[in-house]
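Written below as structure tokens is the structure these notes are about.
The values are calculated or read from the model by the stated rules, or taken from the named source; none is laboratory data. No experiment lies behind these values; they were computed from the predicted model shown. For neighbour counting, all protein chains shown are included, and Cβ atoms are generated from backbone atoms with ideal geometry for every residue, glycine included.
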Amino acid sequence: MRPSLVEILKCLKCGADDLHLMVKSKDDLEITKGLLSCRRCGLTYLIEDGILNCLVFADPSISAARRVYRRSKEVLGDTLPEMLARRWHMDSAYRQDTEANYRELLSRLDPGQGWALDVGAGTCWTTAGLAGRGYRAVAIDISADNKLELGRQHFDKDVYFDRVLADVNHLPFSNEVFGLSFASAALHHSRDLDSSLAEISRTTASRGRLEIINEPVRGLAEAFQKNTGQLEGPEGIVEKHYGISTWMGSLERSGFKGRCRFPANIRERLTAGSFTGRHKFHFLAGLIARFYRYRPFRSMLEGASFYPGLYLLGLPLIYSGEKTSAKKSPAVYDKGR
């Protein structure tokens, strides 16, 4: 981390923003080892390998997930860090889909001004893109193992971002500091979606932007499929599968107003007719792709038929919103905990 990050931090125990930074070692990029201490309550936060650890009161579900990620790192022990950071070891179809939606997002973003939060940043590939657009980006995740620790693979003369171990349900940031809050395929891992979005709202500036991409949405038609309402994932990792009405209701309650966008990955696959068995309703999608090249059909599909399709089939959530009202959140831990 860099010293400027302290400007937007607050203590998780008492809520004070009076934090003292002690630097033990640093390199040309950042503070690599040190600690922050709250002058009011004395709670300390360690900095190791450039990563600030704010998981001082980890929920049991977070501790379980961290153990899973540690075991996964041991399995992938000989894999090159650069390959892991750029996700080259992952399923190619999944990577192509998520990157298509991210490229589309970056094309809509103006050059960055101010702080940006990347929730559930993983290997920080998305954070690097935000930093490259000029934002003072902050990557948060619950694990450093083959996640935040890989962020350094993206650093160069034009790209730097801070990395923080943190729980999205209890963010260590002051109110309304981020002009942009962002999440890619992260919020469905939250143990409590309402609490997560309330915290994101609290730390997002008034009229600040919220961009969500690549979140799975449960379609009504999935009720007729095997394992409806379930997502595949390692045991110990929270996986939630919400319908679009749940997503939109939670976003509205958290003080955001916005709209869903037609997913770029679906547009690209309809154009190429390249759906695979890993895609939901891939047979139906293949039939639709045959007519997608006709402009009237394409306009109808991305226009009047988009929201019905979102509710029925559960297309990936691509959401653009603005914070229009404040949302109070219990962001300070019980002192007696």
Among the numbered criteria (1) without any contact (Cβ under 8 Å) to a residue 24 or more places away in the chain; (2) within 21 Å of the chain's Cα centre (by Cα), which single criterion is violated by K73? (1)
Under 6 Å between Cβ atoms, at least 6 apart or on separate chains: pull out the pairs that start in the stretch 128-149 with a residue that is more than 19 Å from T32 (Cα to Cα) and in contact (Cβ under 8 Å) with a residue 12 or more places away in the chain and end on any residue that is among the hydroxyl-bearing types (S, T, Y) and buried (at least 22 other Cβ atoms within 10 Å of the Cβ). none
Considering only residues that are surrounded by 14 or more Cβ atoms within 10 Å (Cβ to Cβ) and under 13 Å from Y160 (Cβ atoms), which ones fall in the stretch 1-25? M1, R2, L5
Can you pull out every residue in the stretch 317-337 that is at pLDDT 95 or above and crowded, with 18+ Cβ neighbours inside 10 Å? L317, I318, Y319, G321, K323
Going through G258, G286, G229 one at a time, which residue ends up being at pLDDT below 95, assigned by TED's automatic domain parsing to the domain that holds G120 and either in contact with an Asp or Glu (Cβ under 9 Å, 6 or more places away or on another chain) or not aliphatic (A, V, I, L, M) (or both)? G229
Quick check on the stretch 121-163: of everything there that is in a helix (DSSP H, G or I) and of a type in the set (V, I, T), which residue is surrounded by the fewest Cβ atoms within 10 Å (Cβ to Cβ)? T126
Restricted to the stretch 87-113 and to residues being surrounded by 13 or more Cβ atoms within 10 Å (Cβ to Cβ), small (G, A, S) and out of contact with any Leu (no Cβ under 8 Å at 6 or more places or on another chain), the residue farthest from N214 (Cα to Cα) is A93
Just name the residue that is surrounded by the most Cβ atoms within 10 Å (Cβ to Cβ) out of those in the stretch 194-211 that are touching an Asp or Glu at 6+ places or on another chain (Cβ under 9 Å) and in a strand (DSSP E or B). T204
Quick check on the stretch 26-43: of everything there that is small (G, A, S) and part of a strand (DSSP E or B), which residue is surrounded by the fewest Cβ atoms within 10 Å (Cβ to Cβ)? S37
Go through the stretch 34-82 and report how many residues are within 20 Å of I237 (Cβ to Cβ) and acidic (D, E). 2
From the set of residues in the stretch 76-86 that are in contact (Cβ under 8 Å) with a residue 24 or more places away in the chain and not in a helix (DSSP H, G or I), which is surrounded by the most Cβ atoms within 10 Å (Cβ to Cβ)? R86
Taking the stretch 1-47 and keeping residues polar (S, T, N, Q) and within 25 Å of D156 (Cα to Cα) leaves S4, S25, T32
Tell me, which residue of the stretch 49-75 that is β-branched (V, I, T) and in a helix (DSSP H, G or I) is surrounded by the fewest Cβ atoms within 10 Å (Cβ to Cβ)? V75
Is it true that L165 is assigned by TED's automatic domain parsing to the domain that holds S61 and within 19 Å of R66 (Cα to Cα)? yes
If you check L46 against the conditions, is it part of a helix (DSSP H, G or I), touching a strand residue (DSSP E or B) at 6+ places or on another chain (Cβ under 6 Å) and either exposed (fewer than 13 other Cβ atoms within 10 Å of the Cβ) or at pLDDT 95 or above (or both)? no
